[in-house]
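S.K.: Below are the structure tokens for one structure; questions will follow.
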There are 2 protein chains.
Amino acid sequence: MTTIRDVAAAAGVSRATAARVLANPEMVAEATRARVMKSVEELGYTRNSVAASLRTTRTGRIIVTVPDISNPFFSRVIRGVEEAAQKAGYAVLLGDTRNEREREEQYAEMLNRREADGIIFLGHRLPTTLARLLDRDGARAPIVNGCEFTPSLGVSSAHIDNAGAAHEVMRTLYEMGHRDIALITGPDDSPLTRDRLIGARKAAEDRGAERPIVESGDFTIESGRRAGMSLLTRDRPPTAIFCFSDEMAIGALAAARSAGIACPHTISIVGFDDIQMARYVDPPLATVRQPMAEIGRRTVELLLDILNDRQDTPVSATLPHQLVVRESLGPGPHLVASNT
Amino acid sequence: MTTIRDVAAAAGVSRATAARVLANPEMVAEATRARVMKSVEELGYTRNSVAASLRTTRTGRIIVTVPDISNPFFSRVIRGVEEAAQKAGYAVLLGDTRNEREREEQYAEMLNRREADGIIFLGHRLPTTLARLLDRDGARAPIVNGCEFTPSLGVSSAHIDNAGAAHEVMRTLYEMGHRDIALITGPDDSPLTRDRLIGARKAAEDRGAERPIVESGDFTIESGRRAGMSLLTRDRPPTAIFCFSDEMAIGALAAARSAGIACPHTISIVGFDDIQMARYVDPPLATVRQPMAEIGRRTVELLLDILNDRQDTPVSATLPHQLVVRESLGPGPHLVASNT
DNA sequence: TTGTATGCGTTATCAT
DNA sequence: ATGATAACGCATACAA
């Protein structure tokens, strides 16, 4: 491989000068610069980023861990991450953790080995390696979370107002005449589930309504189908189901179809995320739109702020969500009564 | 940061010995080893991978570029890649190229800068940087393709028999009594489109049937919807549409629904890939199953073979596909006639 | 079994 | 404006 040495030799200058042409061209005389550039071209020189990193202690990489890259919500977030990172000159090291703690730790360890400058973790578990780092460096540790926010972690995060969004959905369901409402949540230990649950229950309370029935899922289609089936075969089934992910809602939709229960006529279904598929299923799915790419971009910005010493206290970036009403949401049995 | 020097000093041995404990423990005396390990623990030492890479010229990373990570087909392939890479001790640098040549080149350049040991590109365009490398090192260049195979490139690749699969779909459609068949293909310049087109036309020829009508899309839902709409509003619409991706098929399904055309009664629709959503749409989508994760894993194996000098001639790995018949595929108008 | 010494290719400091 | 030179932290050939 050709090194800066070769270039310098070919151009008849010192290594220092050759290096300067590449790093600070304006510091070098026009003629010398041209000569060096010519050698660079001729020899096909490209900088060895490993050597550069050793010297500068910067890798130009960020790690991003995600519970499941094949989940359409996360893949959109990742797209935002990649876009922002690439624009800022960073490369993305992708870690699919499959929700396994061990894999989360493995990727966190990479930060210690200096394989990357920082880490963005999507998901709710803070690997112990990162906790240690956080302990030592506080808010200056290059760690950012996406989607789930737990203030006590002391980590910057980009997310929506999950409690608020869930509250809105429930209020809308009540206004449309629904009283028997069920929830299909995410895993019980996730702050995201917790926040939405808080918002949903608060709405019931505000309304003086019964507490919603709760089934928990894991955000997958299949878990939505199962939970949906279980809800729809109850003695007194709900008239509306609010799912904490679109994929689960699509599963619930499939459950209703196979049980011969019409949506939205007999059962209304609302999802969460507004993945692309939401508008193409039958009936089109009402949902809460999350700005997925923007969440991804924002986590990168938060991380860059830390890396560039522009931030020394954790930031909680709340991005706007939007309730998207589509045909899967119809009036409930109490609509008239509640309107008069 | 604590380095191997600190560890050596703390343990009262030379740097070499300390380093050996970590790399070749069996070469070091039991007692010394224990002493060194103790220092490692106490000081919280972790190897600086950048320095190690500079010395060994191995990064332990592979680059994977993908046209669109939010495409469910690719995200599954990537999952397979990540899994296999991680298992082999490699990390994955993800590049979402958005089908833009410039971005493809950018990621290819990273190989030159030694930011990774090899590259897997999903998509059909070979960046010029890689072409140059291939020119120089032939089959020993650490470059592998996934999904699309063009023998002339001289690159190892993992994929299915696209022509064969398309042939099978068409044959099945004919056998079920369809005569007016339309195709919604991918981009015209992709070998994948070309191969499937070849297979489909061959099937028509073998059958002595008319050439299928062709609309081209770009694998997205929206392009499928558009193409589907255009096909369904023809003077003499087809009775079956074979789409080169499930997402386009789902778009076509939506088009049929909005046009009031019943599937499968009036129009049969077949997709390609068997993404998870295929079985949950209404009606469930008939399709060709591709072993997505396996394709991903296999590309990694092919790359590792090159990196470990186990392979010096390009390999074309053809993985098995499977026609999956579901309700979106029904009998055509000529079923009885053709059977008697 | 352990230690000494060198170099990987940069970047950056300090002279000139 | 340019050059000489010293790290960065590790791995390893060679010597002891």
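S.K.: Kindly list the number of the only condition in (1) without any contact (Cβ under 8 Å) to a residue 24 or more places away in the chain; (2) buried (at least 22 other Cβ atoms within 10 Å of the Cβ) that fails for residue A:17.
M.R.: Status for residue A:17: all satisfied but (2).
S.K.: Within region A:236-254, count every residue that is more than 10 Å from chain B (Cβ to nearest Cβ) and more than 20 Å from residue A:69 (Cα to Cα).
M.R.: Qualifying residue count, region A:236-254: 9.
S.K.: Something else now. For region B:20-30, which residues satisfy the criterion of being buried (at least 18 other Cβ atoms within 10 Å of the Cβ), part of a helix (DSSP H, G or I) and more than 8 Å from DNA strand D (Cβ to nearest atom)?
M.R.: Within region B:20-30, just B:21 meets the criteria.
S.K.: Being at the interface with chain B (Cβ under 9 Å from one of its Cβ atoms) and in contact with a Lys or Arg (Cβ under 8 Å, 6 or more places away or on another chain) is the filter; apply it to region A:66-76 and report the residue that is farthest from residue B:103 (Cα to Cα).
M.R.: Per the criteria, the residue is A:68.
S.K.: Ok, one more. Taking region B:111-125 only, how many residues are at the interface with another protein chain (Cβ under 9 Å from one of its Cβ atoms) and surrounded by fewer than 21 Cβ atoms within 10 Å (Cβ to Cβ)?
M.R.: Of the residues in region B:111-125, 2 are at the interface with another protein chain (Cβ under 9 Å from one of its Cβ atoms) and surrounded by fewer than 21 Cβ atoms within 10 Å (Cβ to Cβ).
S.K.: Select the helices (runs of 4 or more DSSP H) contained entirely in region B:101-195, then report the ones holding at least 1 residues which are in the same structural domain as residue B:266 (by TED's automatic domain parsing).
M.R.: Of the helices (runs of 4 or more DSSP H) lying wholly inside region B:101-195, those with at least 1 residues that are in the same structural domain as residue B:266 (by TED's automatic domain parsing) span B:162-175.
S.K.: Mind checking which residues of region B:53-65 are under 19 Å from residue A:61 (Cα atoms) and within 10 Å of chain A (Cβ to nearest Cβ)?
M.R.: Within region B:53-65, B:53, B:54, B:57, B:58, B:59, B:60, B:61, B:63, B:64 qualify.
S.K.: Can you confirm whether residue B:89 is farther than 30 Å from residue B:246 by Cβ and assigned by TED's automatic domain parsing to the domain that holds residue B:305? Let's see the steps before the verdict.
M.R.: Details: farther than 30 Å from residue B:246 by Cβ: yes; assigned by TED's automatic domain parsing to the domain that holds residue B:305: yes.
When the stated conditions are applied, residue B:89 passes them.
S.K.: Suppose we filter region A:259-268 for residues that are touching a residue at least 40 places away in the same chain (Cβ under 8 Å) and more than 13 Å from chain B (Cβ to nearest Cβ); how many remain?
M.R.: 3
S.K.: Of the numbered conditions (1) farther than 15 Å from residue A:303 by Cβ; (2) touching a residue at least 12 places away in the same chain (Cβ under 8 Å), residue A:131 satisfies every one except a single condition; which is it?
M.R.: (2)
S.K.: Take the residues in region A:1-30 that are farther than 14 Å from residue A:44 by Cα and away from DNA strand C (no atom under 12 Å from the Cβ), then tell me which one is nearest to the other protein chains (Cβ to nearest Cβ).
M.R.: A:25
S.K.: Residue by residue through region A:251-274, note down the ones that are farther than 13 Å from residue A:327 by Cα and either touching a Phe, Trp or Tyr at 6+ places or on another chain (Cβ under 6 Å) or in a helix (DSSP H, G or I) (or both).
M.R.: Listed by number, the residues that qualify are A:251, A:252, A:254, A:255, A:256, A:257, A:258, A:272, A:273.
S.K.: For region B:38-47, give me each residue that is touching a Leu at 6+ places or on another chain (Cβ under 8 Å) and at the interface with another protein chain (Cβ under 7 Å from one of its Cβ atoms).
M.R.: Going residue by residue through region B:38-47, those that are touching a Leu at 6+ places or on another chain (Cβ under 8 Å) are B:40, B:47.
B:47 - this is the single residue of region B:38-47 that is touching a Leu at 6+ places or on another chain (Cβ under 8 Å) and at the interface with another protein chain (Cβ under 7 Å from one of its Cβ atoms).
S.K.: I'd like the residue in region B:31-56 that is of a type in the set (S, T, N, Q) and not in a helix (DSSP H, G or I) and, out of all such residues, is nearest to DNA strand C (Cβ to nearest atom).
M.R.: The selected residue is B:48.
S.K.: Which ones in region B:231-253 are among the acidic types (Asp, Glu), surrounded by 18 or more Cβ atoms within 10 Å (Cβ to Cβ) and either in contact with a strand residue (DSSP E or B) (Cβ under 7 Å, 6 or more places away or on another chain) or more than 25 Å from residue B:292 (Cβ to Cβ) (or both)?
M.R.: Matches in region B:231-253: B:246 only.
S.K.: While we're looking at this one, here's another question. Select from region B:209-244 the residues that are farther than 22 Å from residue B:174 by Cβ and polar (S, T, N, Q) and list them in ascending order.
M.R.: B:216, B:220, B:223, B:230, B:233 - these are the residues of region B:209-244 that are farther than 22 Å from residue B:174 by Cβ and polar (S, T, N, Q).
S.K.: Those residues that are surrounded by 21 or more Cβ atoms within 10 Å (Cβ to Cβ) and assigned to a helix (DSSP H, G or I), I need them from region B:205-230; list them, please.
M.R.: B:221, B:223, B:224, B:225, B:227, B:228
S.K.: Right, next: Only one of these is within 17 Å of the chain's Cα centre (by Cα), away from DNA strand C (no atom under 13 Å from the Cβ), modelled with pLDDT of 95 or more and in a loop (DSSP other than H, G, I, E, B): B:69, B:63. Name it.
M.R.: Numbers: B:63 fails: in a loop (DSSP other than H, G, I, E, B).
Answer to the check: B:69.
S.K.: Just to be sure before I move on: is residue A:94 at pLDDT 95 or above, not small (Gly, Ala, Ser) and not assigned by TED's automatic domain parsing to the domain that holds residue A:278 in the structure I sent?
M.R.: On the way: at pLDDT 95 or above: yes; not small (Gly, Ala, Ser): yes; not assigned by TED's automatic domain parsing to the domain that holds residue A:278: yes.
Answer is yes for this residue.
S.K.: Regarding region B:279-301, can at least one residue be identified that is loosely packed, with under 15 Cβ neighbours inside 10 Å and more than 21 Å from residue A:253 (Cβ to Cβ)?
M.R.: Within region B:279-301, not a single residue is loosely packed, with under 15 Cβ neighbours inside 10 Å and more than 21 Å from residue A:253 (Cβ to Cβ).
S.K.: What residue, of B:254, B:262, B:240, is modelled with pLDDT of 95 or more and touching a Lys or Arg at 6+ places or on another chain (Cβ under 6 Å)?
M.R.: Details: B:262 fails: touching a Lys or Arg at 6+ places or on another chain (Cβ under 6 Å); B:240 fails: touching a Lys or Arg at 6+ places or on another chain (Cβ under 6 Å).
That would be B:254, the only listed residue that is modelled with pLDDT of 95 or more and touching a Lys or Arg at 6+ places or on another chain (Cβ under 6 Å).
S.K.: Continuing with this model, one more query. Just name the residue that is farthest from residue B:120 (Cα to Cα) out of those in region B:269-318 that are among the basic types (Lys, Arg) and more than 14 Å from chain A (Cβ to nearest Cβ).
M.R.: B:289
S.K.: If you scan region B:77-104, which residues turn out to be among the hydrophobic types (A, V, I, L, M, F, W, C), in contact (Cβ under 8 Å) with a residue 40 or more places away in the chain and either at the interface with chain A (Cβ under 7 Å from one of its Cβ atoms) or closer than 18 Å to residue A:77 by Cβ (or both)?
M.R.: In the first step, residues of region B:77-104 are kept if they are among the hydrophobic types (A, V, I, L, M, F, W, C); the result is B:77-78, B:81, B:84-85, B:88, B:91-94.
Then drop every residue that is not in contact (Cβ under 8 Å) with a residue 40 or more places away in the chain, which leaves B:77-78, B:81, B:84-85, B:88.
Once the filter is applied, which keeps residues that are among the hydrophobic types (A, V, I, L, M, F, W, C), in contact (Cβ under 8 Å) with a residue 40 or more places away in the chain and either at the interface with chain A (Cβ under 7 Å from one of its Cβ atoms) or closer than 18 Å to residue A:77 by Cβ (or both), region B:77-104 yields only B:78.
S.K.: Which one of A:80, A:60, A:44 is at positive phi and in contact with a Gly (Cβ under 7 Å, 6 or more places away or on another chain)?
M.R.: A:60
S.K.: Taking region B:20-45 as the region of interest, how many residues are touching a Lys or Arg at 6+ places or on another chain (Cβ under 7 Å) and without any contact (Cβ under 8 Å) to a residue 12 or more places away in the chain?
M.R.: Result for region B:20-45: 3.
S.K.: Just give me the residues in region B:312-327 being within 18 Å of residue B:277 (Cβ to Cβ), in a loop (DSSP other than H, G, I, E, B) and of a type in the set (Val, Ile, Thr), in sequence order.
M.R.: B:325
The values are calculated or read from the model by the stated rules, or taken from the named source; none is laboratory data. Keep in mind that this is a model prediction, so the values were computed, not measured. Counting neighbours? That spans all protein chains shown, and the Cβs are built from the backbone with ideal geometry, glycine included.
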